[in-house]
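The values are calculated or read from the model by the stated rules, or taken from the named source; none is laboratory data. All of these numbers come straight from a predicted model, not from anything done at the bench. With ideal geometry, Cβ positions are generated from the backbone for all residues, glycine too; neighbour counts draw on all protein chains shown.
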Amino acid sequence: MAANLNPQARISPLPRADGSATFSKGGYCVVASVNGPMEAQRRDENPFESVVDVVVRPAAGVGGTGERQLEATLQSALRQLIPVKNFPRCLIQVTLQVTETPRNDYVNSKVMQAQSNLALLPALLHSAILGLLSAAVPLKTIATCTSLAVIGNGDKIIVDPSPSEADQATSFHVLGFTSQDELLLAESEGVFLTSEWDRVVSAAQQVCARHRQGDSTMITDEDESRPTDMRHFMRTVMESRVA
């Protein structure tokens, strides 16, 4: 069964958290719980800025090195979005629970879960940002993220690839940009040339900044398939919450 590429989100599904959000897209679903800013324990506090603690919990089993890598990547990205110097000696805790992952009928489910860490990054980042906004944590800017797969000899780039397409890719990339079109994060795996990387960055910019690009041509697996404008989507979600 094909995964739904249209994003869906729900704000404040958890009543006991300061802020929470559920985000799903492409077969991935993540529930974010945010608490803070709150007083940090003395051994953890920073006298000059807040501590951003990110915890990623897998859909099944116990988190391992893959989850620790995702936590480090997300922590670095969120610290660039949150004005941490405004909250010295405070803690902002972000817990991200993965509830669903897409199925790949050609790969064992346990193997699929081990290989899907990088593809999970966009859903984790989007749910974390929505959770922070739900908790009324101020942000310098918002960010959007997308995944891309390079197929064959680099002549085809697929945006938001399916698990089977990601398995066929020679390289897989996840890039995130702020609302000022500044690169926030870039994670890649596989083998690729510098020229392929330049095309990947260009394609990711078109996806993440499509509201500024107008009707420019997108690089996708199908001409009729156009990625959702994630900035507009997240803005619409928060506006509906305020209303």
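Does at least one position in the stretch 47-69 carry a residue that is farther than 23 Å from E189 by Cα, without any contact (Cβ under 8 Å) to a residue 24 or more places away in the chain, of a type in the set (A, V, I, L, M) and out of contact with any helix residue (DSSP H, G or I) (no Cβ under 7 Å at 6 or more places or on another chain)? There is at least one residue in the stretch 47-69 that is farther than 23 Å from E189 by Cα, without any contact (Cβ under 8 Å) to a residue 24 or more places away in the chain, of a type in the set (A, V, I, L, M) and out of contact with any helix residue (DSSP H, G or I) (no Cβ under 7 Å at 6 or more places or on another chain).
Does S24 qualify as being touching a residue at least 60 places away in the same chain (Cβ under 8 Å), among the small types (G, A, S) and closer than 20 Å to T141 by Cα? So S24 fails the test. Checked against the criteria, S202 counts as under 21 Å from E165 (Cα atoms) and modelled with pLDDT of 85 or more.
Applying the condition of being among the hydrophobic types (A, V, I, L, M, F, W, C) and buried (at least 20 other Cβ atoms within 10 Å of the Cβ) to the stretch 46-73 and asking which residue is nearest to P88 (Cα to Cα) yields V51. Here is the figure for the stretch 113-154: residues that are in a helix (DSSP H, G or I) and either more than 22 Å from D53 (Cβ to Cβ) or not β-branched (V, I, T) (or both) total 16.
Picking from residues in the stretch 155-196 that are in a helix (DSSP H, G or I) and touching a residue at least 12 places away in the same chain (Cβ under 8 Å), the one that is surrounded by the most Cβ atoms within 10 Å (Cβ to Cβ) is A166.
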